[in-house]
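The values are calculated or read from the model by the stated rules, or taken from the named source; none is laboratory data. Since the structure is predicted, the reported quantities are computational estimates derived from the model, not experimental observations. Cβ: placed from backbone, ideal geometry, glycine included. Neighbour counts: every protein chain shown. Calculation scope for accessible area: heavy atoms of the full protein, side chains included, ligands and nucleic acids excluded. Shrake-Rupley method; radii C 1.70, N 1.55, O 1.52, S 1.80 Å.
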Amino acid sequence: MTNFDVWMEKLHDMKDFDPERSLPDGLVTGPDSARWLEEEITGNPCRVGVLADVPAKSMEFYLQEIPAGTATDLQRHLHESVHCVVDGSGYSEIGGKTLRWTAGDFVYTPPWVWHRHYNDGATNVRMILVENSRMLDSLGINRRESAGNIPYSDNIDRS
């Protein structure tokens with residue numbers, strides 16, 4: 001089959017698309033399906049659970065837990081992200097701004113901006129994280145960088 005034949009097949013599929021016939025499996029995903037990543041993999045001292053069974057094509061979903069009195073690593077990425085705070089309270093440094101949040105709030109992080117989330121409370125912070133990273137992955141342009149556990153004010157590359 002030539003590349004053109006593959007292209008024509010995709011064109012036919014797009015014209016004959018029936019969303020109900022093409023429903024993916026796993027329309028409901030429970031929190032117990034999270035695959036928890038260790039700090040050695042993420043560079044992040046907090047718990048990050050990948051919800052890989054969610055069948056989304058352009059978004060990725062995670063659970064994140066930040067223990068009392070700790071913070072995430074200082075990082076940036078090309079995708080947008082939204083943290084939905086389920087439990088706890090704290091603050092974030094995003095692009096040099098310090099912003100407080102509590103349960104029920106949504107914390108937006110723009111692309112390629114250095115940021116870190118802090119739990120300054122007495123109990124664990126639990127968040128649901130939504131990113132458009134799968135879309136950028138499919139285009140081959142996603143990127144993520146961690147500066148580690150250094151203070152925001154240290155000499156980080158802001159370009």
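Here's a check for you: in the range 44-61, which residue that is in contact with a Lys or Arg (Cβ under 9 Å, 6 or more places away or on another chain) and not acidic (Asp, Glu) is nearest to ASN124 (Cα to Cα)? For the range 44-61, the residue satisfying everything is GLY49. The set of residues from the range 100-156 being over 15 Å from MET59 (Cα atoms) and of a type in the set (Gly, Ala, Ser) comprises ALA103, GLY104, GLY121, ALA122, SER146, ALA147, GLY148, SER153.
When residues in the range 41-81 are screened for being among the β-branched types (Val, Ile, Thr) and assigned to a loop (DSSP other than H, G, I, E, B), 3 of them pass.
Would you check if VAL86 is among the β-branched types (Val, Ile, Thr), more than 29 Å from ALA122 (Cβ to Cβ) and open to solvent by 50 Å² or more (accessible area, probe 1.4 Å)? It is false that VAL86 is among the β-branched types (Val, Ile, Thr), more than 29 Å from ALA122 (Cβ to Cβ) and open to solvent by 50 Å² or more (accessible area, probe 1.4 Å).
A single member of SER138, SER153, SER89 is among the small types (Gly, Ala, Ser), out of contact with any helix residue (DSSP H, G or I) (no Cβ under 7 Å at 6 or more places or on another chain) and in contact (Cβ under 8 Å) with a residue 60 or more places away in the chain, and it is SER138.
Which of the following residues is closer than 26 Å to ARG143 by Cβ and crowded, with 17+ Cβ neighbours inside 10 Å: GLY95, GLY49? Show your work before the answer.
Details: GLY95 fails: crowded, with 17+ Cβ neighbours inside 10 Å.
Selected residue: GLY49, the only one of GLY95, GLY49 that is closer than 26 Å to ARG143 by Cβ and crowded, with 17+ Cβ neighbours inside 10 Å.
If you go through the range 1-40 and pick out every residue that is part of a strand (DSSP E or B) and either open to solvent by 90 Å² or more (accessible area, probe 1.4 Å) or in contact with a helix residue (DSSP H, G or I) (Cβ under 6 Å, 6 or more places away or on another chain) (or both), you end up with 1.
Being without any contact (Cβ under 8 Å) to a residue 60 or more places away in the chain and more than 19 Å from GLY104 (Cα to Cα) narrows it down to one of LEU51, LEU78, LEU74, so name that one. Outline the logic, then answer.
On the way: LEU78 fails: without any contact (Cβ under 8 Å) to a residue 60 or more places away in the chain; LEU74 fails: without any contact (Cβ under 8 Å) to a residue 60 or more places away in the chain.
After ruling out the rest, the residue left standing is LEU51.
Of the residues making up the range 125-158, just one is polar (S, T, N, Q), open to solvent by less than 90 Å² (accessible area, probe 1.4 Å) and at pLDDT below 90, namely SER146. Looking only at the range 24-73, residues that are touching a Ser or Thr at 6+ places or on another chain (Cβ under 7 Å) and either farther than 21 Å from VAL113 by Cβ or of a type in the set (A, V, I, L, M, F, W, C) (or both) come to 7 in all. Tell me, please, whether a residue that is more than 23 Å from ILE41 (Cα to Cα), touching a residue at least 40 places away in the same chain (Cβ under 8 Å), among the β-branched types (Val, Ile, Thr) and part of a loop (DSSP other than H, G, I, E, B) can be found in the range 119-126. Yes.
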